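Since every read-out is calculated from the coordinates, none of them should be taken as a lab result. Computed from a predicted model, the values in this text were never measured in an experiment. Glycine gets a Cβ as well: all are built from the backbone with ideal geometry, and neighbour counts include every protein chain shown.
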Amino acid sequence: MSLSRKGQKVDELLDMSTKELSRLEVMQRLAEKRLSQKEAAEMLGLSVRQVKRLRRTYRRSGAAGLVSKRRGRASPNQLDEKLKHKVLNLLHGKYKGFGPTLACEKLGEVERLSISDESVRQIMIAEDLWKPRKSAKRVMHQMCERRACFGELVQMDGSPHAWFEDRGPACTLLVLIDDATGKLLGLLFVDQESFHNYARLVRTYLECFGKPLAFYTDKHGVFRVNQVSRERGDAQTQFGRAMQELGIEILCANSPQAKGRIERANQTLQDRLVKEMRLLHISNPEQGNVYLPKFLEDFNSRFAVPPRSSNNAHRPLTVRENLNHILAWQESRLLSKNLTLQFNKVVYQIQTKPGRYALRQAQVTVCENAQAAVSILYQSRELPFTIFHKQEHLAKIVDSKNVDRALPAKTSIPAPDHPWRNRHLFPTPKPASTS
């Protein structure tokens, strides 16, 4: 169908958008009385009153009247050049490497600049400071609904990462997050994932909130015995034993996707926490642990959501639950006829009154905390002891995951007169020609 009209130039149609061409066609059909005003309004998604206004404009100015008057003009909402220049300097300097959302938050909270996150995103894309992620092929996983109550399920994980970038050593961040609210319940920088480090984090959490119904973890050796020996049977780890005494169930996920809530939280922490500590010049785990409570409070105020139920599933600690003993490394021993036992190459002598030998062949529990302090329990009662003999440690059992930490690589520097330094003086001889 021709869209030309008497007295109308074809050039006017070339500057019209698809939306304006559709309006022009409807106005022509309306002028030829092939459409009613109500039908035209339904086709254009406008009210009858707006159609009447467009019809009057079309009668007066033709197709040119349907072209937007704002075309070719600068937007009244465009950024001020001074503001844009200041934002660019900050993005290239102080906030280099920040994502658009976090950069926008810092520009507003710290620099007091009023700018939207979309404007920051467009500036960063134009300056090649940030690239939009390509939409990868989505892998469908089963939807995991949040638990209803706070404390019903707490996810736990360790995230090894260069948390202090090149300012400090690489370490591991232990994370606790509530499944119902997405609230961070505990953060701790440690050298590695171990029983004592997790016990330290869990103790702080239990003293603050109480006992949850269950912990949701991966299949790390701290939480689960992955290779069961025939002699020991279905043994449990020290952490599993401690949680059993506290009445807390441990659930182990079969895949990272199953505990996606804490995996996504780790990704957010590896972005936000690293950059926050960079701005504060935090360069070691000790300084980081001092800062973590403040960061945790700010994180929860931004990302935590209210639970579906107002019921708190946490249970208080009882008087009999002594965390000093429960969250310590425990091993059972049988006392000898002389009331001695051996633990970690050390022989301990139980102190009793003279003539009392009721503890002969009694089974006791040896508890060792993270500071290597030892206590010996018999029927939940501490026994006095002295160190009888201390043997020399000839060998140490190290987990395969921690071999690199136990045996750090040593770099040897060649001597000044080593041939390697003068290898250019001794060129490799070329093979003789056979021709």
Between the modelled labels at SER22 and GLU42 (7 Å from Cα along Cα→Cβ) the distance in nm is 1.6 nm
Once normalised by the length of region 266-371, the mean sequence separation of its alpha carbon contacts under 8 Å that are 6 or more apart gives a contact order in percent of 23 percent
Exposure-ranked with fewest Cβ neighbours within 10 Å first, MET16, MET27, MET43 stand as MET43, MET16, MET27
Rounded to the nearest 0.05, FRET efficiency between ASP15 and ARG112 (Cβ-Cβ, R0 51 Å) equals 0.75
For region 11-66, Rg(Cα) over 2.2 N^0.38 Å is 1.03
For region 154-277 the translational diffusion coefficient, Stokes-Einstein from a Kirkwood Rh over Cα pairs at 20 °C and viscosity 1.002 mPa s, in µm²/s, is roughly 140 µm²/s
1/(1 + (r/R0)^6) with r = Cβ-Cβ of LYS86 and ARG167, R0 = 35 Å, i.e. FRET efficiency to nearest 0.05, evaluates to 0.85
In nm, the gap between the two label points placed 7 Å beyond Cα toward Cβ at LEU279 and GLN379 is 6.0 nm
P(r) over all Cα-Cα pairs of region 81-126, 5 Å bins from 0 to the longest distance, whole percent per bin, short to long, reads 5, 26, 42, 25, 2
Both in Å, the radius of gyration and Dmax of the C-alpha trace of region 328-390 are 11.1, 35
A correct fewest-to-most ranking of HIS220, HIS85 by other Cβ atoms within 10 Å would be HIS85, HIS220
In whole angstrom, the spacing between the Cα centers of region 80-124 and region 258-300 equals 21 Å
From fewest to most C-beta neighbours within 10 Å, the residues LYS211, LYS390 line up as LYS390, LYS211
Note on region 11-66: contact order normalised by length, alpha-carbon pairs under 8 Å, 6 or more apart, percent, works out to 34 percent
Note on region 81-126: contact order normalised by length, alpha-carbon pairs under 8 Å, 6 or more apart, percent, works out to 32 percent
